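Written out below as C-alpha cells is the structure these notes cover.
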Amino acid sequence: MRVPALLVALLVALLVVVERPRAEPGSRGDGRFAVIVGESGDSGPTPRLVLVDADGKNSRVRLGWVYHASLSPKGRLIAYQPRTTRPEIWVAPADGRGTGRLLVRNGSDVDWSPNGDAIAFARDGDVWIDDLHTGKQRPVVRDASLPDWAPDGKKFAFVRGSDVWVVDVATGAIRRVIRNAGSPRWSPDGGRLAFVRGRGLYPYPFVYVARADGTRARRVAEGSSEAWSPDGIELAIAEFSWILRVRVDGTHRRAAWAPRNGSQACRDIDWVG
C-alpha cells in the first residue's frame, strides 16, 4: 500500500523533532544562575540552592540546606556543600532529582576547573585539588580559602587573610594581587578579576573589577557575591534580597531575579552559559 506523500512528510518531521538533541542546561538564552537563598534562621528547608535562567525565568529549588555550590563548566553538574556534621562536598546533576553522591570528605569552598576534570577546595585552612579522573587529592597552598580557577587552568585565585592571592598550580608559587579583598572571580578571558570589598560604615560590601594583576580597580555595585556573564560583558551580583545584572563599567543596571519572599538573602552566585 502506498503511503500518501503528505503523511510521509509529517512522519519525517516528527522523527526530526524527536531525534533532535535537547539543549544543554546552560543553553537557555544567555545562561543561568545557581544561587544560595536563605539563612539557617528562615522557615523551610534553608539555605536552598536555586537554579534560575539569567533572564529571571524558570526558577526552581534544586537542593535544600546547601551552604556553598559551584556549577560545572557546562552546567550539567553541581558540586556543593550540604549540611553535615563535618564539611563534605557532594556532586549531583543540575537537572534531575536526588542529592547525588559524596565527592570529598572534609572539604568546602569548591570550584570546578575550566575543563571539568578537577576541583579545588578548602580543607583545614588550606586549598587542595582533587583530580576527578584518578581520585588523587593534593594540597596546593596553605592558609587559603575560596579558590577560583583561572580560565587557563594553570592557576587559581584565593583568599589569604584579607587579601586576594594567585597561585601557580604546577609550581606552587604565589603572589598577592589585591589587598583588602575577598570573593575573587576570574573573567572568562582571564584578563580581569572581580572581587568584594567592604567600605566604611556601609552595611554591605561592594563588588569591584580590576586587571588580573590587581591594578585599575573600580567599584561596580553594592553586593556580597558576584559572577561573570559567559561573554564577560556583565556581572551578576547578589545584593542581599535580589540579583542584579550590571555591565562591568557599572552601567545598564537591571534586576534579574528575586525570591518570592524578598527578605531572604541571596549569596554565593554562579553563572554558566
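Some observations on this one:
- Neighbour counts of other Cβ atoms within 10 Å put HIS68, HIS133 in the fewest-to-most order HIS133, HIS68.
- Relative exposure of ARG197, ARG32, ARG219, judged by other C-beta atoms within 10 Å (fewest first): ARG219, ARG197, ARG32
- Note that region 25-272 shows a convex hull volume over its alpha carbon atoms of 124 Å³ per residue.
- Rounded Å value of the spacing that divides the Cα centres of region 238-257 and region 161-227: 18
- Taking a straight line from the alpha carbon of LYS154, these lysines sit under 27 Å away, with near neighbours fewer than eight places off in the same chain left out: LYS74, LYS136.
- Ellipsoid semi-axes for region 134-273, based on the Cα gyration tensor and the rule √(5λ), read 26, 16, 15 Å when sorted largest first.
- Summary of packing: across the peptides 241-248, 53-60, 111-118, the per-residue average of other C-beta atoms within 10 Å ranks them, highest first, as 241-248, 111-118, 53-60.
- Gyration tensor (alpha-carbon) shape descriptor, region 62-129, a/c threshold 1.5: oblate
Read-outs: derived from the displayed coordinates by stated rules, not from any lab. Given the structure is predicted, the values throughout are model-derived calculations rather than measurements. We place every Cβ from the backbone using ideal geometry, glycine too, and count neighbours over all the protein chains shown.
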